[in-house]
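J.: Could you have a look at this structure, given as structure tokens, before my questions?
What follows draws every value from the coordinates through simple rules; no lab data is involved. A quick note: this is a predicted structure, and the numbers were derived from the prediction, not measured. FYI the Cβ positions are ideal-geometry reconstructions off the backbone, even for glycines, and counts take in every protein chain you see.
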Amino acid sequence: MRRRIAVIGAGPAGLTFARVLHRHDHPVTVLERDPAPDARPPGGTLDLHEGLGQLALHKAGLLAEFQALSRPEGQAMRILDTDGTVLRDWRPRPDDRAHPEIDRGQLRDLLLGPLDVQWGRGVAEVVPDGGDGVLVRFADGRQETFDLVVGADGAWSRVRPAVSSATPHYTGVTSVETALDDVDARHPDLARLVGDGSVAVYGVNRALVAQRNSGGHVKVYAQFRAPVDWHANLDPADAEAVRSSLLALFDGWAAPVLELLRHGTAFVHRPLYVLPASHTWTHVPGVTLLGDAAHLMPPLGAGANLAMLDGAELAEAITTGPGDPDEAVRAFEQRMTARAGRWAKITMAGLERLVSPDPAEAVALFDEVQPS
Ligand SMILES: Cc1cc2nc3c(=O)[nH]c(=O)nc-3n(C[C@H](O)[C@H](O)[C@H](O)COP(=O)(O)OP(=O)(O)OC[C@H]3O[C@@H](n4cnc5c(N)ncnc54)[C@H](O)[C@@H]3O)c2cc1C
């Protein structure tokens, strides 16, 4: 008899998991808190690496469709000094497919495909030994049981407490996100500044990063070291007040760079939280975690990639692994946590260097990872 499997969360981890199970004709229940796929803005662009996110898409049978949608030119990266001097300007070769960019919304739709997601089903709690299997309690008071519950519900997972007492902690770095629309027509100077990919400016304990998405949309991230409550006296919905305080924080930076903040529309406050780099847990039969729920780390281009590979590998372990399915999950957890632990250390060290008292550290980091 087929096991009743539920995945909580329709982000990159949960959807990749469900899509690979679907490819292997294994039924899965996908439970998502958002009331609809487009209930909130999908977020910025993601670069998917050959050996991580792209490998996951290959396992889902979606690599060709990804290649048709993705933007290899988005791999371009320019670094400026705070006075606007160009320090580095990397352009990808025409055949470079190492980590092309894709809009999150496009990736979500690609993964969704034929999946039948149950929207508006926020999970409140998971009880591992819930009688006839693992009990899932929903926010609306309903409950259901499954043989395996996979927590792919992100940073503030409601499934995680069933296996681990770990909670995310603040890194000391906050990111405030804004965006510009129709940049080529409305802000041609900024369009040139950002180019086909990203532009990043590093100052003392501050960074400003702008990334081109498809359709002339540009996301801008102002990152800085600050107490988590730095905005306590600021109304986050008051865009002009947030803009003024950001302009004060980045005071003295080159005018064209600050134009990215001056023209940004709404501002979204994202303090950067992480789980401990070595987060593991004692295996609990019937419950496991994927993606940010298992290994939340700084947003340095790895999280979604790892989340997708986690999802694809767990689905393969369940459908093609020999013997006891619970043993397959346990072995998967060991592989996942070892890999995530390595990336958590890399991304945490990277964040220390990118938002650092010495801006030369940020440039040195890029010199180490960019192809020459
Ligand atoms: C600004 C920024 C830029 C980034 N850029 C990159 C990048 O370029 N490359 C990269 O690899 N990574 C990047 N990341 C990291 C990446 O976004 C995450 O690691 C990735 O989204 C994790 O996927 P996930 O599926 O585990 O979790 P999520 O994407 O958080 O998805 C979790 C899903 O679960 C749902 N959910 C939450 N709680 C419940 C509940 N109680 N019940 C039911 N459903 C629930 C949520 O609504 C959501 O749909 C970036 C992150 C940020 C913040």
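J.: On full extension of the chain, what length is gained from residue 369 through residue 346, given 0.36 nm per residue of separation minus the C-alpha to C-alpha distance?
T.: Extra length available between residue 369 and residue 346 comes to 7.1 nm.
J.: First check a/c for the stretch 68-139, with a ≥ b ≥ c the square roots of the eigenvalues of its C-alpha gyration tensor; if it is under 1.5, answer rounded, and if not, answer prolate when a/b is larger than b/c or oblate otherwise.
T.: Here the stretch 68-139 falls in the prolate category.
J.: Provide the packing ranking of 92-99, 291-298, i.e. peptides ordered by the mean count of other C-beta atoms within 10 Å per residue, highest first.
T.: Packing order, densest peptide first, comes out as 291-298, 92-99.
J.: Another question about this same structure. Across all directions of projection, what mean area in square nanometres is found for the Cα convex hull of the chain?
T.: Computing the convex hull of the Cα atoms and averaging its projections yields 18.5 nm².
J.: A further question on this structure: Translational diffusion coefficient of the stretch 207-312 at 20 °C, 1.002 mPa s, Stokes-Einstein with Kirkwood Rh over Cα pairs, in µm²/s as a whole number.
T.: For the chosen part, D equals 128 µm²/s.
J.: Continuing with the same structure: Rounding to the nearest 10 and keeping the result within 0 to 90°, find how far the Cα-based axis of helix 12-23 lies from the longest principal axis of the chain.
T.: 50
J.: Helix-only mean residue ellipticity at 222 nm, the chain, DSSP H runs n ≥ 4 weighted -39,500 (n - 2.57), per residue, nearest 500. What is it?
T.: Values: 12 runs with 127 residues, N = 372.
Only helices count here, giving -10000 deg cm²/dmol.
J.: Compute the long axis of helix 360-369 from its Cα atoms, compare it with the longest principal axis of the Cα atoms of the chain, and write down the angle in degrees, 0 to 90, nearest 10.
T.: Between helix and principal axis, roughly 50 degrees.
J.: For the chain, what proportion of DSSP beta bridges, expressed in % and rounded to the nearest 5, is antiparallel? Can you show the working numbers first?
T.: Numbers: 44 of 60 bridges.
Antiparallel bridges: around 75 percent, rounded to the nearest 5.
J.: With the radius of gyration and the Kirkwood radius both derived from the Cα set of the stretch 1-159, what is their ratio Rg to Rh?
T.: Details: Rg = 19.0 Å, Rh = 17.6 Å.
With Rg and the Kirkwood Rh in hand, the quotient comes to 1.08.
J.: Any idea how far apart residue 360 and residue 229 come out in nm if each label point goes 7 Å out from Cα toward Cβ?
T.: Each label point lies 7 Å from its Cα, and together they span 3.8 nm.
J.: Whole angstrom only: what separates the Cα centroid of the stretch 13-79 from the Cα centroid of the stretch 253-329?
T.: So the two Cα centres are separated by 13 Å.
J.: What share of the DSSP beta bridges in the stretch 1-106 is antiparallel, in percent to the nearest 5?
T.: Taking every DSSP beta bridge with both residues in the stretch 1-106, the antiparallel ones total about 75 percent.
J.: With a ≥ b ≥ c the root eigenvalues of the C-alpha gyration tensor of the stretch 135-251, is it rounded (a/c under 1.5), prolate (a/b larger than b/c) or oblate?
T.: It is prolate, given that a/c is not under 1.5 and a/b is the larger ratio.
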